[in-house]
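A short worksheet on the structure shown next.
The values are calculated or read from the model by the stated rules, or taken from the named source; none is laboratory data. A quick note: this is a predicted structure, and the numbers were derived from the prediction, not measured. Neighbour counts run over all protein chains shown; Cβ positions are idealised from the backbone, glycine included.
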Amino acid sequence: MGHKPRIRKGDRVVVISGKDLGVEGRVLEVLPRKERVIVEGVNRITRHEKVRMSRRGAQEGGITHKEAAIHVSNVALVDPSDGKPSRIGYKIESNGAKSRVSKRSGAEV
């Protein structure tokens with residue numbers, strides 16, 4: 001279905017299209033099979049949750065806000081050298097290790 005994404009959990013990304021255009025955030029979760037990512041503070045949705053009992057016996061419910069997933073093509077990694085959006089490439093080191101690099105500056109991510 002999906003392929004291995006170049007963006008990983010913990011990366012700083014910027015939204016390059018959609019209603020949250022230009023917003024920067026940290027990747028909280030990657031959903032590779034759906035080709036989607038969940039980014040901190042981006043695509044916030046309102047959930048109306050039913051009142052139910054928690055394990056401690058307290059009642060939980062009401063309106064909550066949380067981040068929904070957005071497509072991985074709508075985010076770009078923030079280049080570590082200048083803070084601008086960049087695509088990601090790979091470089092194979094002489095010892096055989098593979099590392100991610102910014103296409104913009106060549107800096108290792």
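Of all residues in the stretch 77-89 being free of Cβ contacts under 8 Å to residues at least 60 places away in the same chain and not in a loop (DSSP other than H, G, I, E, B), which is farthest from residue 32 (Cα to Cα)?
86
Can you tell me which residue within the stretch 51-76, out of those that are assigned to a loop (DSSP other than H, G, I, E, B) and within 24 Å of the chain's Cα centre (by Cα), is surrounded by the most Cβ atoms within 10 Å (Cβ to Cβ)? So that I can check it myself, show each step before the final result.
Going residue by residue through the stretch 51-76, those that are assigned to a loop (DSSP other than H, G, I, E, B) are 54-58, 68-69.
Applying the additional criterion that residues be within 24 Å of the chain's Cα centre (by Cα) yields 68-69.
Values: 68: 12, 69: 17.
That would be 69.
Need the failing condition index for residue 38 against (1) in contact (Cβ under 8 Å) with a residue 40 or more places away in the chain; (2) part of a strand (DSSP E or B); (3) of a type in the set (Val, Ile, Thr), just the number.
(1)
If we keep just the residues of the stretch 1-50 that are among the hydrophobic types (A, V, I, L, M, F, W, C) and exposed (fewer than 12 other Cβ atoms within 10 Å of the Cβ), which is farthest from residue 109 (Cα to Cα)?
Of all residues in the stretch 1-50, those among the hydrophobic types (A, V, I, L, M, F, W, C) come to 1, 7, 13-16, 21, 23, 27-28, 30-31, 37-39, 42, 45.
Among the residues that remain, those that are also exposed (fewer than 12 other Cβ atoms within 10 Å of the Cβ) are: 1, 21, 45.
Numbers: 1: 26, 21: 23, 45: 30 Å.
Only one residue fits best here, namely 45.
When residue 63 is evaluated against the numbered criteria (1) over 20 Å from residue 78 (Cβ atoms); (2) at pLDDT 95 or above; (3) hydrophobic (A, V, I, L, M, F, W, C), which criterion, by number, is the only one it fails?
Condition (2) is where residue 63 drops out.
Go through the stretch 80-102 and give me each residue that's under 21 Å from the mean Cα position of the chain (by Cα) and charged (D, E, K, R).
Our first condition is that a residue be under 21 Å from the mean Cα position of the chain (by Cα); within the stretch 80-102, this holds for 80-90, 99-102.
Answer for the stretch 80-102, where residues must be under 21 Å from the mean Cα position of the chain (by Cα) and charged (D, E, K, R): 82, 84, 87, 100.
Return yes or no: is residue 55 out of contact with any strand residue (DSSP E or B) (no Cβ under 6 Å at 6 or more places or on another chain) and free of Cβ contacts under 8 Å to residues at least 40 places away in the same chain? Outline the logic, then answer.
Numbers: out of contact with any strand residue (DSSP E or B) (no Cβ under 6 Å at 6 or more places or on another chain): yes; free of Cβ contacts under 8 Å to residues at least 40 places away in the same chain: yes.
Against the criterion (out of contact with any strand residue (DSSP E or B) (no Cβ under 6 Å at 6 or more places or on another chain) and free of Cβ contacts under 8 Å to residues at least 40 places away in the same chain), residue 55 qualifies.
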